[in-house]
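Written below as structure tokens is the structure these notes are about.
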Amino acid sequence: HTSNDTQAVKLSGEEVGKHNSRESCWVIIHGRAYDVTEFLPEHPGGAKIILKYAGKDASDEYDPIHPPDTLDKFLDKKFHLGEVDMNTVEQETKEEDPEEQERQERIKRMPILEQCYNLMDFEAVARRVMKRTAWAYYSSGADDEITMRENHSAFHKIWFRPRVLVDVEKVDFSTTMLGTKVDIPFYVTATALGKLGNPEGEVILTRGAKKHNVIQMIPTLASCSFDELVDAAEGNQVQWLQLYVNKNRDITKRIVEHAEKRGCKGLFITVDAPQLGRREKDMRSKFSDVGSNVQSTGGHDVDRSQGAARAISSFIDPALSWKDIPWFQSITKMPILLKGVQRVEDVIRAIEAGVQGVVLSNHGGRQLDFARSGIEVLAEVMPVLRERGLEDKIEIYIDGGVRRATDIIKALCLGAKGVGIGRPFLFAMSAYGLPGVDRAMQLLKDEMEMNMRLIGAAKIEDLDPTMVDTRNLSSHTTVVPTDTLSLGAYDALIGPKEKVS
Ligand SMILES: Cc1cc2c(cc1C)[n+](S(=O)(=O)[O-])c1c(=O)[nH]c(=O)nc-1n2C[C@H](O)[C@H](O)[C@H](O)COP(=O)(O)O
């Protein structure tokens, strides 16, 4: 397609449109055509999703799932066909579907940012204004979402034993995490597919983290590329890498070495997701546009519209085990932490394996349902470590359901170094962009200052286990306000007029 002068002749939409089958499949991404015929069987999301856009412009569906450098990294240059004259490409008329019209109406009526007074307010607004598939992906938990609800309600079972008559005129809640000084003991945890909620994606979280001097954990499955996120960091801003270990260890080695070279200050290996959990809201939202190769056990006829998560996670190695830790220690000097540890025995093993820390976490309730909350596991772990004189051998973090500064304070009283926060910043970003993330972080700082004063602690070191009462923590009778199980399943009667959705 290159004429004899230097200016390549652009491909026409008609020309691309002829290649719309499994036998010859071209797609357009951001005004350039790519021959993906040979790639079809290798696509983690299955061939179906690509074939749906064969011969057409697939940019809109492509962006939230694939970092911008994906084609350069994974598609041989000989299949890069060059520029397309987009004037000759008929754009899919997005007939206004009523659901989208209604969503646009809700966006017009959404509350102004100043009306958000706590992190849950962002979730309430995001639920109304986000695209269905994006809301489904961010808000879903595994199976009956019991663990997802338990994560936050577990904090409701811990009560304070505040000190009084302590001079709290000056309150300092700064701390260090893996040696980095941070303003407040939380970090932005790794959550995949940031562009589902906001077209700019995770760079918004990078900017918010910089403004509030907290650390961002960069997800393996970010919509933005790793380098975009590191480039978006300013000055000595610290970032960590969250790693899903690839079956192909050469790829993993390359990712880890590159992250270290780019200055990452911590490697968090996710250990609670040998297979991504079944998130039914995500599946119900029929992520058909992404398809997915659900463990590709049933050949081509398996229903593949099972959510984005499955589509993007077929590379994760379920064989990862303790014997792999020395290999990681041989390929990087970064501190290594295990994200998703859920019992004290594994914390002891982590110390014996010589890793620098663990995150007590159940992946935000998106993996094993009925896994205990991070805060409950923390209450199990710390007394054992203290008893064995091991509490200074490792940094302990928790995540899951942290929505208030009192949740952060409870975790620190029990001995955590800090906490990870996920969904609140996703919802703030999705509803209000960077101003939303900025306000969410500032709200936590305001709450932190007030609650440190009221508990009688002038600095982080003043927080200790005597300031919390955790006797009720392991009772799991959680009040579930509107239990969809009973309302929608167990004892729900289908009335004569009720529409069975
Ligand atoms: C909300 C959310 C969480 C994800 C997440 C995506 C979303 C939308 N994704 S996931 O697609 O694979 O499940 C990741 C991920 O990439 N890697 C990871 O280690 N944790 C992942 N997590 C878990 C996250 O790091 C925290 O453990 C969890 O979000 C903490 O709970 P809260 O959301 O309640 O703060």
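Assorted remarks:
- Note on region 177-270: enclosed strands (runs of 3 or more DSSP E) holding 3 or more residues that are within 13 Å of the ligand (Cβ to nearest atom) and closer than 26 Å to Ala405 by Cβ are 186-188, 216-218.
- Among the residues making up region 127-182, those that are among the basic types (Lys, Arg) and open to solvent by 30 Å² or more (accessible area, probe 1.4 Å) are Arg127, Arg128, Lys131, Arg132, Arg149, Arg161, Arg163, Lys170, Lys181.
- Output for region 78-99, where each listed residue is in contact (Cβ under 8 Å) with a residue 24 or more places away in the chain, under 29 Å from Met130 (Cα atoms) and of a type in the set (D, E, K, R): Glu90, Glu92, Glu99
- Long-range neighbours under 7 Å by Cβ, at least six apart or interchain, first residue within 16 Å of Met452 (Cβ to Cβ) within region 150-166, second open to solvent by 100 Å² or more (accessible area, probe 1.4 Å) and away from the ligand (no atom under 11 Å from the Cβ): Pro162/Leu454
- Selection status of Lys108, out of contact with any Cys (no Cβ under 8 Å at 6 or more places or on another chain), free of Cβ contacts under 8 Å to residues at least 40 places away in the same chain and not aliphatic (A, V, I, L, M): yes
- Single residue of region 398-417 satisfying the filter (outside any helix (DSSP H, G or I) and on the phi < 0 side of the Ramachandran plot) that is nearest to the ligand (Cβ to nearest atom): Asp399
- Cβ pairs under 6 Å, 6+ apart, first in region 313-325 and surrounded by 18 or more Cβ atoms within 10 Å (Cβ to Cβ), second modelled with pLDDT under 95: Ser313/Leu276; Ser314/Pro44; Ser314/Asn293
- In this structure, Asp121 qualifies as farther than 17 Å from Ile408 by Cα, open to solvent by 40 Å² or more (accessible area, probe 1.4 Å) and within 16 Å of the ligand (Cβ to nearest atom).
- Among residues of region 362-374 that are within 15 Å of Ser139 (Cα to Cα), those with a beta-carbon under 9 Å from a residue that is among the β-branched types (Val, Ile, Thr) and surrounded by fewer than 24 Cβ atoms within 10 Å (Cβ to Cβ) at least six positions away or on a different chain give the pairs His363/Thr270; Gly365/Ile146; Asp369/Ile146.
- Of the helices (runs of 4 or more DSSP H) lying entirely inside region 19-135, those containing at least 2 residues that are within 30 Å of the chain's Cα centre (by Cα) and closer than 27 Å to Thr220 by Cα span 47-52, 59-62, 70-74, 119-129.
- Pairs are defined by a Cβ separation below 8 Å, a sequence spacing of at least 6 or placement on different chains, a first member in region 55-73 that is in contact (Cβ under 8 Å) with a residue 24 or more places away in the chain, and a second member that is surrounded by fewer than 19 Cβ atoms within 10 Å (Cβ to Cβ) and of a type in the set (A, V, I, L, M, F, W, C); the pairs so defined are Asp57/Met86.
The values are calculated or read from the model by the stated rules, or taken from the named source; none is laboratory data. All figures in this text were calculated on a predicted structure; none of them were measured in a lab. Heads up, the Cβs are rebuilt from the backbone with ideal geometry, glycines too, and the neighbour counts pull from every protein chain shown. Please note that ligands, DNA and RNA were not included when accessible areas were found on the heavy atoms of the full protein model with its side chains. Shrake-Rupley method; radii C 1.70, N 1.55, O 1.52, S 1.80 Å.
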